[in-house]
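The values are calculated or read from the model by the stated rules, or taken from the named source; none is laboratory data. This one's a predicted model, so the numbers in the text were calculated from it and none came from an experiment. Reconstructed Cβ throughout: ideal geometry from the backbone, glycine too, with neighbour counts over all protein chains shown.
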Amino acid sequence: MHPRRTTRQRRLVEVGEAGQARLAALAARIAGAGLAARVEALYLAGAGVGALVVEDDAVAEAARALNPEVDVRVEERVAARAEVPSEIAALAPGARDVAEGALRALLTLRGALLHD
């Protein structure tokens, strides 16, 4: 992982060098296709996760374009998508997709950083 890409988050107490190492070791699975999946992939690739397993070629291409160092694999039926909170479900379609993808990515990152 290019150090400049993650300099700011490595400086954060909540992430640090140890947290960034956990993210680099993470293999995240992204279910689905479309805008929500692309947003999720972009957040995770930008955060410096080590690998992504996705269901859609367009999602894979978006992640690779942002961060060529991330190992991205395309597989059929990666995982079931989590239910969307009602606050997100009530948004307009485009906003809903962005919010859903961002939330899923942030939950993945939180899980990786809080795991001891």
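Being of a type in the set (A, V, I, L, M) and surrounded by 11 or more Cβ atoms within 10 Å (Cβ to Cβ) is the filter; apply it to segment 66-85 and report the residue that is nearest to V49 (Cα to Cα). Give the steps one after another, and end with the answer.
Filtering segment 66-85 down to residues of a type in the set (A, V, I, L, M) leaves 66, 70, 72, 74, 78-80, 82, 84.
Among the residues that remain, those that are also surrounded by 11 or more Cβ atoms within 10 Å (Cβ to Cβ) are: 66, 70, 72, 74, 78-79, 82, 84.
Details: L66: 12, V70: 7, V72: 10, V74: 16, V78: 17, A79: 18, A82: 20, V84: 23 Å.
Taking the candidates together, the pick is V70.
Within the bounds of segment 36-45, is there any residue that is surrounded by fewer than 18 Cβ atoms within 10 Å (Cβ to Cβ) and either touching a helix residue (DSSP H, G or I) at 6+ places or on another chain (Cβ under 7 Å) or at pLDDT 95 or above (or both)? Please lay out each step first, then the result.
Our first condition is that a residue be surrounded by fewer than 18 Cβ atoms within 10 Å (Cβ to Cβ); within segment 36-45, this holds for none.
Taking every residue of segment 36-45 in turn, none turns out to be surrounded by fewer than 18 Cβ atoms within 10 Å (Cβ to Cβ) and either touching a helix residue (DSSP H, G or I) at 6+ places or on another chain (Cβ under 7 Å) or at pLDDT 95 or above (or both).
Return the total of residues in segment 49-69 being over 11 Å from I30 (Cα atoms) and acidic (D, E).
The qualifying residues number 3.
In this structure, does G19 turn out to be surrounded by 12 or more Cβ atoms within 10 Å (Cβ to Cβ), modelled with pLDDT under 90 and part of a loop (DSSP other than H, G, I, E, B)?
no
Using the structure shown, decide if A105 is in a helix (DSSP H, G or I), more than 23 Å from Q20 (Cα to Cα) and either touching a residue at least 24 places away in the same chain (Cβ under 8 Å) or of a type in the set (A, V, I, L, M) (or both).
Working: in a helix (DSSP H, G or I): yes; more than 23 Å from Q20 (Cα to Cα): no; either touching a residue at least 24 places away in the same chain (Cβ under 8 Å) or of a type in the set (A, V, I, L, M) (or both): yes.
Considered against the rule, which asks whether it is in a helix (DSSP H, G or I), more than 23 Å from Q20 (Cα to Cα) and either touching a residue at least 24 places away in the same chain (Cβ under 8 Å) or of a type in the set (A, V, I, L, M) (or both), A105 comes out as no.
Quick check on my filter: what residues within segment 51-98 are assigned to a strand (DSSP E or B) and not β-branched (V, I, T)?
A51, L52, D71, R73
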